[in-house]
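Peer 1: Submitted below is the structure of interest, expressed as structure tokens.
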Amino acid sequence: MYVLNTWYVAAWSHEVTREPTARTICEIPIVLYRTEAGLAVALEDRCAHRAYPLSAGRVVGDSIECGYHGFTFGCDGVCTRVPAQSTIPQRAVVRSFPVVEKDGWIWVWTGDRDKANPADVPDTHWMNDPEWAPVTHSFRFDCRHDLIHDNLLDLTHESFLHQTTVGDDYIYEHGITVEVEGNVVRVDRLMPGVEAPPLYATTMGTEGLYDRFHCTEFFVPSYHVLHSGITGQGRPREEGYLIKVLNGITPIDAHTSWYYYAFCRNFAIDDEQATAELTEGLHVVLTEDADALALQEKGMQGRPADQHDVLIAQDAGVAKARRILAQMLKKEQLERGNPDGATQPAKRVAAGAPSAG
Amino acid sequence: MLVRADSDGSRVDETAGVTTLAASPDTADRGDPWRWSVRLLPPGNGSPAAGPAVTDGAERQLLEGPDGVRLEVATDPTHVVAEAHLHSGGKAVDLVRDAGSQLVVVPLEGEALISDSTGPWRRWLSPGDVFVVEGEEHESLRLTPAPEPSHVAVLRLSPRGNDALRWVP
């Protein structure tokens, strides 16, 4: 059901403090906290003693102390103290997860530890670049993560769901170009000679006709960059008002997901009014998406098992991304010796210190 | 759609050296009726068993490339008319796609440049890649195979009836 050998966004940097924070990723309970030096730590949120959530405990030094009987675990997941006795049982270990902190996001690797490569954490530099101004949100979506991927890969929904913000009738009238390379699916649409959508027209201060474009770049299975904007008619995209929308999609369980969102613009960078308008407008967009996908999730749950989506040509990117995701899942299941696909946690293995961001 | 040779999950059927480059649809799971498949076959005689969901009565055409590699296009003849052409080294070719028809471009040897006749879009294709273009508008493209040795197959798929051919992979 979930690709585990990948990096998922677990939290914003500011959400991880010296107080334990609970997260669930791919049905795995995780507790996040910081060491005294400020490094982010991710451990299994379940005490080895009697399964009490460590997130209900407290951080002591670089360790986390269970709030039930005081078992204390270091940031490598190994128990260092059992208040009631001097001997520490050998099996008193909780799983630790590789962590990368970058550009304001905490990424956690949920799969086989020896396959985690920090260099594979996607590019998010726009969130931390003085030439770009970010507007950020995070939402809990009441739907499976697959629906969010589909939503981002087929932006014709903007014409119907987001009519007051980023939608226009002309979107679905323009075809797409889809490119598939490695595990990346790109769906590109150029809309020449159109007016800017309502939300952007206000913040860009534009009138008249432009060439509008958007390209969803999906790094299967967990991260999208939506390259968007407007430029002069016939002009290169790089000359225009550019937007990079970063989307970290993290499964919680089979029917809920976290959506980490950063809208980064290269215009009106210091305009506080523009930032305020975009914050509000994009909140509307995400709320509309969340409401729609929640309804779609219900529809899918109630649909008979022998009925399937009727896909159309505009769904080409959706179809290819689904196939890549299915292949990744199948490969992991075979590697785990589990062709039926049940999610299996990794073995509890003591590990080294957490990765620095 | 341009699918590169190294795409995860792009080769749906790899058995005994057979690779499905593109098919409509590429899975029987959704229950959509099969219309066409384009496959790379190993050198040899005959045609391996049909890929997933290929119906009885499918028409097949074979193009032979270098080193005996064969490109097979199989179609449902009640819905699709197929033409296959092989273009070689260096000479540019204007490709016109009629509204409602599809073009499948497969480099068999050497690279080839595919570009939009009216805009800046252009991509180099290499063996193992497949480029499929379709839609309900007329479209002009330019194909420029690299200098010899190069061979590029262009498959033209046209509807037999009035309904436009639309592709969902």
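The values are calculated or read from the model by the stated rules, or taken from the named source; none is laboratory data. Here the structure is a predicted model, which is why all the values come from computation and not from measurement. Here the Cβ positions follow ideal geometry from the backbone for every residue, glycine too, while neighbour counts run over all protein chains shown. We work out accessible area using only protein heavy atoms, side chains counted, and drop any ligands, DNA or RNA first. Shrake-Rupley method; radii C 1.70, N 1.55, O 1.52, S 1.80 Å.
Peer 1: Under the rule that a partner needs its Cβ under 4.7 Å from the first Cβ, which Cys of chain A have none?
Peer 2: Unpaired cysteines in chain A: A:26, A:75, A:79, A:143, A:215, A:264.
Peer 1: Something else now. When only Cα pairs under 8 Å and 6 or more residues apart are kept, what is the percent relative contact order across the stretch B:84-157? The partial results should precede the final answer.
Peer 2: Values: 198 pairs, mean separation 38.7, N = 74.
Reported relative contact order: 52 percent.
Peer 1: Taking every pair of Cα atoms in the stretch A:260-343, average 1/r, invert it to obtain the Kirkwood radius, and report Rg/Rh to two decimals.
Peer 2: 1.14
Peer 1: Still on this structure: My understanding is that a pair violates if its Cα-Cα distance is over 28 Å; which of A:244/B:91; A:244/A:298; A:298/A:320; A:102/A:298; A:244/A:330 do that in this structure?
Peer 2: On the way: A:244/B:91 40 Å; A:244/A:298 31 Å; A:298/A:320 24 Å; A:102/A:298 35 Å; A:244/A:330 32 Å.
Long pairs (Cα-Cα over 28 Å): A:244/B:91; A:244/A:298; A:102/A:298; A:244/A:330.
Peer 1: List for the stretch B:19-42: residues with 10 Å² or greater reduction in accessible area, all protein chains versus chain alone, probe 1.4 Å?
Peer 2: B:26, B:27, B:29, B:30, B:32
Peer 1: In addition: Roughly how many Å is it from the Cα centre of the stretch B:23-41 to that of the stretch B:109-166, as a whole number?
Peer 2: Cα centroid to Cα centroid, the span is 19 Å.
Peer 1: A follow-up question, please. When a/c reaches 1.5 or more, the comparison of a/b and b/c decides; with that in mind, is the stretch A:136-187 rounded, prolate or oblate per its Cα gyration tensor? The partial results should precede the final answer.
Peer 2: Details: a/c = 2.23, a/b = 1.03, b/c = 2.17.
Verdict is oblate for the stretch A:136-187.
Peer 1: Counting Lys and Arg as +1 and Asp and Glu as -1, what is the net charge of the other residues whose Cβ lies under 9 Å from the Cβ of residue B:98?
Peer 2: Residues close to residue B:98 contribute a combined charge of +1.
Peer 1: What's the total accessible area buried between chains B and A, using a 1.4 Å probe, rounded to the nearest 100 Å²?
Peer 2: That pair hides around 1700 Å² of surface in total.
Peer 1: How many nm is it between the label spots at residue B:91 and residue A:131, if each spot is 7 Å from the Cα in line with the beta carbon?
Peer 2: Once both label points are built, they end up 4.6 nm from each other.
Peer 1: Next up: By how many degrees, between 0 and 90 and to the nearest 10, does the Cα long axis of helix A:316-335 differ from the longest principal axis of chain A?
Peer 2: Approximately 20 degrees, to the nearest ten.
Peer 1: Given Cα pairs under 8 Å that are at least 6 residues apart, what percent is the relative contact order of chain B? The partial results should precede the final answer.
Peer 2: On the way: 419 pairs, mean separation 42.5, N = 169.
Relative contact order of chain B: 25 percent.
Peer 1: With the radius of gyration and the Kirkwood radius both derived from the Cα set of the stretch A:237-281, what is their ratio Rg to Rh?
Peer 2: 1.13
Peer 1: Let me ask something additional. Could you put B:20, A:164, A:177 in order of accessible surface area, largest first, with the 1.4 Å probe and the full protein assembly present? Could the numbers behind the result be given before it?
Peer 2: On the way: B:20 10, A:164 100, A:177 50 Å².
Ranked list, largest accessible area first: A:164, A:177, B:20.
Peer 1: Hey, another quick one. With every protein chain kept in place and ligands, DNA and RNA left out, what is the accessible area per residue of the protein assembly as shown? Probe 1.4 Å, answer in Å².
Peer 2: Details: 23070 Å² over 526 residues.
For the protein assembly as shown, the solvent-accessible area averages 44 Å² per residue.
Peer 1: Summarise the accessible area of chain A (1.4 Å probe, protein heavy atoms) by the percent that is carbon and sulfur.
Peer 2: 49
Peer 1: Using only atoms on other chains, find how many Cβ atoms lie within 10 Å of each Cβ of peptide A:313-324 and report the average.
Peer 2: The mean count of partner-chain Cβ atoms within 10 Å per residue comes to 5.
Peer 1: Separate question: Can you tell me, using C-alpha contacts under 8 Å and at least 6 residues apart, the relative contact order of chain A as a whole percent?
Peer 2: Details: 738 pairs, mean separation 73.1, N = 357.
In percent, rounded to a whole number, it is 20.
Peer 1: Suppose R0 equals 35 Å; then what is the FRET efficiency for residue A:159 and residue A:1 from their Cβ-Cβ distance, rounded to the nearest 0.05?
Peer 2: That gives a FRET efficiency of 0.65.
Peer 1: Taking the Cα centroid of the stretch A:145-224 and of the stretch B:61-100, what is the distance between the two, rounded to the nearest whole Å?
Peer 2: Centre-to-centre (Cα) distance: 33 Å.
Peer 1: Note the angle between two axes, namely the Cα long axis of helix A:272-302 and the longest principal axis of the Cα atoms of chain A, as a number of degrees from 0 to 90, rounded to the nearest 10.
Peer 2: 70
Peer 1: Can you bin chain A into rounded, prolate or oblate? Criterion: square roots of the alpha carbon gyration tensor eigenvalues sorted a ≥ b ≥ c, rounded for a/c under 1.5, prolate for a/b above b/c, oblate for the rest. Display every interim value, and only then the final one.
Peer 2: Details: a/c = 2.39, a/b = 1.69, b/c = 1.42.
In terms of gyration-tensor shape, prolate.
Peer 1: Of B:151, A:255, which has the most accessible area with a 1.4 Å probe, and how do the rest follow in descending order? It would help to have the intermediate numbers written out before the result.
Peer 2: On the way: B:151 45, A:255 75 Å².
The ranking, largest first, comes out as A:255, B:151.
Peer 1: Over all alpha-carbon pairs in the stretch A:9-116, figure out the percentage whose distance exceeds 18 Å. Walk me through the numbers on the way to the answer.
Peer 2: Working: 2475 of 5778 pairs.
Cα-Cα pairs in the stretch A:9-116 separated by more than 18 Å: 43 percent.
Peer 1: Now, a different point. Can you tell me which of A:15-23, A:268-276 comes out highest on packing, and rank the rest after it, using the mean Cβ neighbours within 10 Å?
Peer 2: So the peptides A:15-23, A:268-276, ranked by packing, come out A:15-23, A:268-276.
Peer 1: Note down the magnitude of the dipole of chain B about its Cα centre, charges +1 on Lys and Arg C-beta and -1 on Asp and Glu C-beta and zero elsewhere, to the nearest 20 debye. Please list the in-between numbers first.
Peer 2: On the way: 15 positive and 26 negative charges, 36 e Å.
Charge dipole, chain B, about its Cα centre: 180 debye, nearest 20.
Peer 1: Next question, about the same structure. Shape call for chain B from the C-alpha gyration tensor, a ≥ b ≥ c root eigenvalues: rounded (a/c under 1.5), prolate (a/b greater than b/c) or oblate?
Peer 2: oblate
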